[in-house]
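*Asks:* My structure is below; once you've seen it, I'll send some questions.
The values are calculated or read from the model by the stated rules, or taken from the named source; none is laboratory data. The shown structure was predicted, so the numbers you read here are calculated from the model rather than taken from an experiment. Glycine gets a Cβ as well: all are built from the backbone with ideal geometry, and neighbour counts include every protein chain shown. The area values use the complete protein model at the heavy-atom level, side chains included, leaving out ligands, DNA and RNA. Shrake-Rupley method; radii C 1.70, N 1.55, O 1.52, S 1.80 Å.
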Amino acid sequence: IEKVSKIPSPVLIIHGTEDEVIDFSHGLALFERCPKAVEPLWVEGAGHNDIELYSQYLERLRRFINQDLAAQHA
């Protein structure tokens, strides 16, 4: 968490709200401390090992690549 402020590129934070391995509060803390964070994705009901099964996961990754990263290079 201390180092996230040093990341020079856009950062997409995706976290499941029911993550049993890494508490959801950790994702929130990263987002709050990351100056380059783009709109995060909080996947309601997703855990640690099933987040990719939620359709919004791939949708948000695509938007990050096609829009958020593309905007940086425009």
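*Asks:* Show the residue pairs that are 6+ apart or on different chains and have beta-carbon atoms under 7 Å apart, the first residue being within the stretch 11-30 and closer than 12 Å to Ala46 by Cα, the second being assigned to a loop (DSSP other than H, G, I, E, B) and among the aliphatic types (A, V, I, L, M).
*Replies:* Gly16/Ala46; Thr17/Ala46; Glu18/Ala46
Here's the yes/no breakdown for (1) open to solvent by 40 Å² or more (accessible area, probe 1.4 Å); (2) farther than 23 Å from Ala71 by Cα; (3) within 14 Å of the chain's Cα centre (by Cα); (4) not basic (Lys, Arg):
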{"residue": "Val4", "(1), (2), (3), (4)": "no, no, yes, yes"}
{"residue": "Ser9", "(1), (2), (3), (4)": "yes, no, yes, yes"}
{"residue": "Leu12", "(1), (2), (3), (4)": "no, no, yes, yes"}
{"residue": "His26", "(1), (2), (3), (4)": "yes, yes, yes, yes"}
{"residue": "Glu32", "(1), (2), (3), (4)": "yes, no, yes, yes"}
{"residue": "Pro35", "(1), (2), (3), (4)": "yes, no, yes, yes"}
{"residue": "Ala46", "(1), (2), (3), (4)": "no, yes, yes, yes"}
{"residue": "Leu53", "(1), (2), (3), (4)": "yes, yes, no, yes"}
